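First comes the structure, then the notes that go with it.
The values are calculated or read from the model by the stated rules, or taken from the named source; none is laboratory data. Remember, predicted model here, so these are calculated numbers, not experimental data. Because the Cβ atoms are built from the backbone with ideal geometry, glycine has one as well, and the counts that use them run over all protein chains shown.
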């Protein structure tokens with residue numbers, strides 16, 4: 001089992017004393033490690049600005065003396081004494097945007113001149129220890145490392161690898177499709193869903209299998225000949241309807257003209273004066289007598305013809 005340990009925040013300081021960040025101590029690292037059973041390797045993830053020198057070396061030594069392989073990963077920053085913890089891994093990976101920073105040790109204190117001189121000597125001793133440690137881990141010369149510490153040097157991922165602080169830069173994982181070109185019957189890999197179904201079946205859970213769906217059958221388009229025949233029949237029907245409509249319009253026009261003619265004739269008759277017509281009527285004395293017929297009561301034959309036509313038109317309508 002891989003024991004994953006997280007080292008973040010200030011090293012060896014409670015958050016209230018040094019920073020608002022939650023710090024990490026040797027006790028924290030031990031507690032994390034001991035929470036795993038049957039550990040075969042350790043991966044320590046580091047994102048820290050540094051902290052107490054002695055606490056940092058203690059964490060380094062704990063990781064460095066484990067009987068299993070240790071990989072350290074610099075995420076974000078491995079600064080100051082956190083760079084020492086980072087060097088505990090036999091395999092040291094750094095994120096592409098992470099940095100490693102080394103500098104001379106520093107402190108804050110108050111006291112008399114003698115006490116301040118003793119503190120300065122103490123800091124010089126720690127600086128020498130750090131430079132020798134870095135030289136042993138990276139293979140660089142102590143003089144170069146001392147100059148870098150004096151300048152407080154921050155190394156990017158590429159420089160960390162080139163100077164030996166890191167062994168490699170972490171690479172982004174890319175999904176790849178594998179094809180076996182040497183095997184025509186390619187090996188089929190079970191999908192996650194298939195494995196989950198098998199697990200559920202083994203546990204006695206019911207797994208619903210979707211019913212197979214009938215394939216959709218595309219409609220066969222009608223032959224072109226049938227379509228042309230239907231178009232011809234439709235065209236013929238339209239032509240027939242147009243002919244009937246035209247004939248009906250012509251008949252209506254003729255009827256309208258005839259009605260107008262009859263109306264005009266009636267107006268002419270209305271304007272004519274009354275006339276009488278004497279018709280001989282036989283009587284007992286075989287003498288002719290006359291009966292007066294009023295034109296409006298007995299119309300002339302021509303006028304009767306107009307009335308007959310008008311009646312015919314009305315009946316047609």
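Return yes when residue 75 is surrounded by 13 or more Cβ atoms within 10 Å (Cβ to Cβ), under 28 Å from residue 6 (Cα atoms) and in contact with a helix residue (DSSP H, G or I) (Cβ under 7 Å, 6 or more places away or on another chain) and no when it is not. Steps first, answer last, please.
Values: surrounded by 13 or more Cβ atoms within 10 Å (Cβ to Cβ): yes; under 28 Å from residue 6 (Cα atoms): yes; in contact with a helix residue (DSSP H, G or I) (Cβ under 7 Å, 6 or more places away or on another chain): no.
Judged against the criteria, residue 75 is not a match.
Going by the structure shown, is residue 44 surrounded by 21 or more Cβ atoms within 10 Å (Cβ to Cβ), assigned to a strand (DSSP E or B) and either in contact (Cβ under 8 Å) with a residue 12 or more places away in the chain or in contact with a strand residue (DSSP E or B) (Cβ under 7 Å, 6 or more places away or on another chain) (or both)?
Yes: the conditions hold for residue 44.
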- Across the range 116-138, the tally of residues that are buried (at least 17 other Cβ atoms within 10 Å of the Cβ) and over 19 Å from residue 88 (Cα atoms) stands at 0
- Looking at 118, 114, 75, 41, which is the one that is closer than 18 Å to residue 155 by Cβ and assigned by TED's automatic domain parsing to the domain that holds residue 135? 75
- Go through the residues of the range 96-107 one by one and say whether even a single one is modelled with pLDDT of 95 or more, under 19 Å from residue 166 (Cβ atoms) and more than 52 Å from the chain's Cα centre (by Cα). no
